[in-house]
Amino acid sequence: MFDVTSSKAFLHQVFKKTSPNTKITVYVGKRDFVDHVTEVDPLDGVILIDPEYFKKEAKKDRKVFAQILVGFRYGRDDLDVLGLNYRRDLLDERIQVYPPPDPSKPQILTLLQVRLLKKLGRNAYPFTFSLKPGLPSSVSLQPSPNASSQEGEKPCGVDFILRCYVAKNKEDKIEKRNSVRLSVKKITHASDEHTQRPSIELTKQYLLSSHPLTVEANLDKGTYYHGEPIRVNVSITNRSSKTIRKIRVSVRQFAAICLFANSEYKCTVAELESSEGLPIGTGGSLQKSYEITPLLKDNRNKKGLALDGQIKHEDTCLASSTILPSGVEDSRELRESFGIVVHYSVKVRCIVNLGSDLTLELPFTLTHPKPKERVISQVITLPPRSSLSSITDPKDDKSKAPPEAKPEGIPADDTVSVHDVIDHNLITFDTDDATNDQDDFVFEEFVRLRVTGMDDNNETEA
């Protein structure tokens, strides 16, 4: 593995994983992709195949497919008995990667795919999943801290699985020995440009009081990023005969399990209590701001807390707010398609002496910050392969030279592959002068954990 802190300026982390029989290897540039509400980042990668395996007489009809599977798990694997499956698939999309299905269509690749194809050679084939907005993001429910790690329990929630496999047809049963399974994560970024600033004012008239108690609360904005402090502004005007002795500010998470009727779980993820400037008697007033930050590290022991989908050996954070599609009627069917719907609110409670407390709630959105633009994710459109035979390198006119012999394992026909475009026309791609750098990628293995004494069929994959 290369040193990420080396002096090279254009190192890009690439994750790879090989099937148990070593016949296919999958390369992806990221384990999480971003939902921008109106559009979703593509999930792209490259599959490197062993050409000798597909040249065998018994394997000539084999193809390589890629699958993205989105599912909602609401039970343990060992409970899947008597035909009861505690998992509901929300999306199952499959594409053929090898042989390329339609050479007459233009190839749309990211710069990462172009550079990987150049580095890995002619036995590498790209794949891309373009997911539509409206799919749920990765969410998992935090298990009990006393749960045994030997139970093999996967957390309940929504997960995304990328699987690449060898089969005759898309619908054939997937064999573990010639397939690769990768856990990926979809996170949400919601812009705060058009969100309203939450504000609420509440007036309460107490018995035997000639004047009311008025409390106003607001937030400085409507959208916050994970780890960002939330500023709560509170204004109190007490003209009643009651006395306010404490103010309690808390952030609450609401997680609705939409497959079950009326199942919504509430959990306090941050809380503070203040007596500064208090008590407030008749005729008193208070204007004060409080800062509170909801963090996962303060809630590790709370069972059922909704978290962003967790990948093995990587930390996570509180679940982002669920953004329902705009312009679509909110219905039970829509919420069921998300599996788990998460939202947050700030609760301000004024504790009144010898009287009922006054409570206000301010909803807000918790999301991820906008990720940095990656040059490696730029999209490049290549012409159809059937029209590529005339493409040559501008610096080296080979129009009069005899045709080059294709490497062994490549069909000797007139069809020009995507590799020919990359080899002969790479000068037109902006690769930040890093294309010729042999060490411009940091390859990192996906982790495969095996339980001692168990066979490969029982392995837990990252």
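The values are calculated or read from the model by the stated rules, or taken from the named source; none is laboratory data. Remember, it's a predicted structure, so these values are computed and weren't measured experimentally. As a convention, Cβ positions derive from the backbone with ideal geometry for all residues, glycine included, and neighbour counts pool all protein chains shown. We work out accessible area using only protein heavy atoms, side chains counted, and drop any ligands, DNA or RNA first. Shrake-Rupley method; radii C 1.70, N 1.55, O 1.52, S 1.80 Å.
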Worksheet item: Inside segment 65-108, can you point out the residues that are under 16 Å from Ile47 (Cα atoms), crowded, with 17+ Cβ neighbours inside 10 Å and at pLDDT below 85?
Response: Gln107
Response to the item:
Leu202 fails exactly one of (1) part of a strand (DSSP E or B); (2) under 24 Å from Pro369 (Cβ atoms), namely (2)
Item to complete: Identify the single condition in (1) assigned to a strand (DSSP E or B); (2) modelled with pLDDT under 95 that Asn301 does not satisfy, given that it satisfies every other one.
Response: (1)
Fill in: Those residues of segment 165-193 which are part of a strand (DSSP E or B) and either open to solvent by 70 Å² or more (accessible area, probe 1.4 Å) or in contact with a His (Cβ under 8 Å, 6 or more places away or on another chain) (or both), in sequence order
Ile187, Thr188
Worksheet item: Which pairs do you get when a residue that is on the phi < 0 side of the Ramachandran plot and assigned to a loop (DSSP other than H, G, I, E, B), found in segment 229-251, comes within reach of a residue that is of a type in the set (Phe, Trp, Tyr) and modelled with pLDDT under 95, reach meaning Cβ atoms under 8 angstrom, with the pair 6+ apart or on two chains?
Response: Ser240/Tyr206; Ser241/Tyr206; Lys242/Tyr206
Practice prompt. Would you mind stating whether Gly134 is in contact with an Asp or Glu (Cβ under 7 Å, 6 or more places away or on another chain), at pLDDT below 85, farther than 22 Å from Val14 by Cβ and not charged (D, E, K, R)?
Written response: no
Worksheet entry | Options Ser250, Ser241: the member that is over 28 Å from the mean Cα position of the chain (by Cα) and surrounded by 15 or more Cβ atoms within 10 Å (Cβ to Cβ) | Ser241
Item to complete: Go through segment 31-51 residue by residue and tally those that are modelled with pLDDT of 90 or more, aliphatic (A, V, I, L, M) and open to solvent by 30 Å² or more (accessible area, probe 1.4 Å).
Response: 1
Worksheet item: Which one is farthest from Tyr27 (Cα to Cα) among residues in segment 115-130 that are outside any helix (DSSP H, G or I) and open to solvent by 20 Å² or more (accessible area, probe 1.4 Å)?
Response: Ser130
